[in-house]
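The next block holds one structure in the form of structure tokens; read it before the comments.
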Amino acid sequence: MNEKGVESFRALRYAEYNAVERGDLYYLGMGVSDYRSPQINDLSYAAKDARDLEAAFKKMNGAFRAIHTLTLTDSKVTVGNIRRAKDFLSSAKPEDVLVLFIAGHGVHGTDPAATYLLCDLGRRTLQPRGDGRLTSISSRGCSRGSAPAGSSS
């Protein structure tokens, strides 16, 4: 309004806002601290770290549309549960965020890839190599990480 009390016409403007939809958070955590094989030293924090990270993500209300978590620790880190984790991730969409956390022991083979050791090694046992490292071999009748002589396959 000016000094004469006249008001200008208001400029009417339209603006479109196309908000980017927030995605969901999927956290898949695996941590093995307690190994069943006496050949493998237990770890102090691998399982704890997986659980702690899950708790931190669960507190992030509002940062994501929804928060989905699956944490496998110690005896729950099995081949079957890891395969079933694909079902947990099956509803994830491209706009979602996926966090994969893996903590525990691993071994290197002859190729550059590393192998994550599950709590029970499945049907595998570790054998010392000439260079002081351990190598994984399949075995029949394996109990607590030791196999009868000549039972490797």
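What to note about this one:
- Filter result for the condition that a residue is more than 27 Å from Y116 (Cα to Cα) and either without any contact (Cβ under 8 Å) to a residue 12 or more places away in the chain or aromatic (F, W, Y) (or both), over R84, R10: R10
- Residues that are charged (D, E, K, R) and in contact (Cβ under 8 Å) with a residue 12 or more places away in the chain, drawn from segment 30-60: D34, R36, K48, D49, R51, E54
- Test: residue in segment 15-29 that is closer than 17 Å to L117 by Cα, out of contact with any strand residue (DSSP E or B) (no Cβ under 7 Å at 6 or more places or on another chain) and touching a residue at least 60 places away in the same chain (Cβ under 8 Å): no
- Matching entry among K48, K93, K58 (being more than 30 Å from V107 (Cα to Cα), surrounded by fewer than 17 Cβ atoms within 10 Å (Cβ to Cβ) and modelled with pLDDT of 95 or more): K58
- Residue count for segment 97-116, restricted to those that are modelled with pLDDT of 75 or more and either assigned to a strand (DSSP E or B) or touching a strand residue (DSSP E or B) at 6+ places or on another chain (Cβ under 7 Å) (or both): 9
- Residue count for segment 102-118, restricted to those that are surrounded by 17 or more Cβ atoms within 10 Å (Cβ to Cβ) and among the hydrophobic types (A, V, I, L, M, F, W, C): 3
The values are calculated or read from the model by the stated rules, or taken from the named source; none is laboratory data. Since we're looking at a predicted model, the values are computed, not measured. So basically every Cβ, Gly included, is an ideal-geometry build from the backbone, and we count neighbours across all protein chains shown.
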